[in-house]
Amino acid sequence: MYNKLLTISEAAKILGVSPSTLRRMERDGVVEGYGLKVIYTPGGQRRYMLDEIQHLFSQQGFSGQIGFGRRPALLIRDLTKAFTDANSRLSIELTGQIDATAALVKTAQRLGIPVIFSRTVFDPDHYFSQLWGKKFSSLQALLENSEWVQIHPDLQGFTYDLVNSTVFITDFYQSPVHDFLKARGIDTVILAGATTSGSIRATTIDAMQRGYHVVIPEEAVGDRNQALQNNTLLDLNARYADVLSLDQTLKNMEGAVHDASGAK
């Protein structure tokens, strides 16, 4: 019930005010001036609807839609054992991301849309791995030949147009991804995988800076907890990408390919 709700601290941070300000502005279950409904949990904690916060962003000039271009590609990041196995310290909260990603891959391959699988690896001899490994020691388990970097079993049966192994946070830094996309005239990148606040966020910003439309199907990305997931998706949608439902994304993939075919 509370997956789409924010705590008072989360809502206040997004709105750029203090929690005490939200409390002070509350009258009869509504935050005056913002029009936010206040929902109380059984334990008496305040919660705020994510959709209403998103609407406020729209009113303030954020969250405009970039839309699909004519030539999309699907880029999957880190749906490997390390990020999907409950025994891993890197694991995300799994709430259907594998099934959603499989649906995206099946649709992409049926439509002739390129699919890239990208995975984080740890290289003990690489300067960045050494640096990032000091900050985030769990990454040191992601050695190139480790079982932890194997693709999730439900995604192993697909043939990918490019499998990219990278030590970096973004898929566009010192990798073949950009050249691969440009060679095929790709103008839209659909992102799936993990983590939303880490590599998905970094890749989104990098892709937009390189001129790509970025689309994020919300059911196909994940993070280590729902609060972090909600906040990051809200911010990405406000600034850098179109965060859509899986169904919307699949329909737009069909439409983009149809439009591109009709334009030939």
**Asked** For q = 0.11, 0.19, 0.20, 0.22 Å⁻¹, what log10 I(q)/I(0) does the stretch 127-246 give under the Debye formula with an equal point scatterer on each alpha carbon and no solvent?
**Response** -0.40, -1.25, -1.35, -1.50
**Asked** What distance in nm separates the simple spin-label points at Glu147 and Asp85, each placed 7 Å from Cα in the Cβ direction?
**Response** 0.5 nm
**Fill in**
As a percent rounded to 5, the proportion of antiparallel DSSP bridges among beta bridges in the chain is 30 percent
**Request:** Return the lysines within reach of Lys4: Cα separation strictly under 24 angstrom, same-chain partners fewer than 8 residues apart disregarded; answer none if there are no such residues.
**Result:** Lys13, Lys37, Lys251
**Fill in**
Ignoring ligands and nucleic acids, His213 exposes an accessible area, probe 1.4 Å, in Å² to the nearest 10, of 50 Å²
**For the stretch 83-96, Karplus couplings with θ = phi - 60° (6.51, -1.76, 1.60), whole Hz, Gly/Pro x** = 9, 10, 8, 4, 7, 8, 6, 9, 5, 8, 6, 7, 9, x
**Message:** Distance between the C-alpha centers of the stretch 163-202 and the stretch 16-38? Whole Å please.
**Reply:** 39 Å
**Prompt:** Which whole number of Å³ per residue matches the convex hull of the alpha-carbon atoms in the stretch 73-180?
**Reply:** 99 Å³
**Complete:** Scoring the chain by relative contact order with C-alpha pairs under 8 Å, at least six apart, yields a percentage of 23 percent
**Request:** Could you pull out every residue, at least 5 positions away or on a different chain, whose amide H is within less than 5 Å of the one on Phe122? Hs are placed 1.01 Å off N in the peptide plane, and Pro or chain starts have none.
**Result:** Leu142, Leu143, Glu144
**Request:** Pop out the ³J(HN,Hα) list for the stretch 171-180 in order, Karplus 6.51 cos²θ - 1.76 cosθ + 1.60 with θ = phi - 60°, rounded to Hz; leave Gly and Pro as x.
**Result:** 7, 9, 9, 6, 9, x, 4, 4, 5, 4
**Prompt:** Largest first, how would Lys134, Lys37 line up by accessible area (1.4 Å probe)?
**Reply:** Lys134, Lys37
**Message:** Not counting ligands, DNA or RNA, and with a 1.4 Å probe, what is Val30's accessible surface area in Å² rounded to the nearest 10?
**Reply:** 50 Å²
**Request:** Sequence neighbours fewer than 8 away in the same chain don't count; with that in mind, list the lysines whose C-alpha is under 22 Å from Lys182.
**Result:** Lys264
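The values are calculated or read from the model by the stated rules, or taken from the named source; none is laboratory data. Only a predicted model underlies this, so the values are computations on that prediction, with no experimental measurement involved. Every residue, glycine as well, gets a Cβ built from its backbone with ideal geometry; the counts of neighbours run over all protein chains shown. Ligands, DNA and RNA are excluded from the accessible area calculation, which covers all protein heavy atoms including side chains. Shrake-Rupley method; radii C 1.70, N 1.55, O 1.52, S 1.80 Å.
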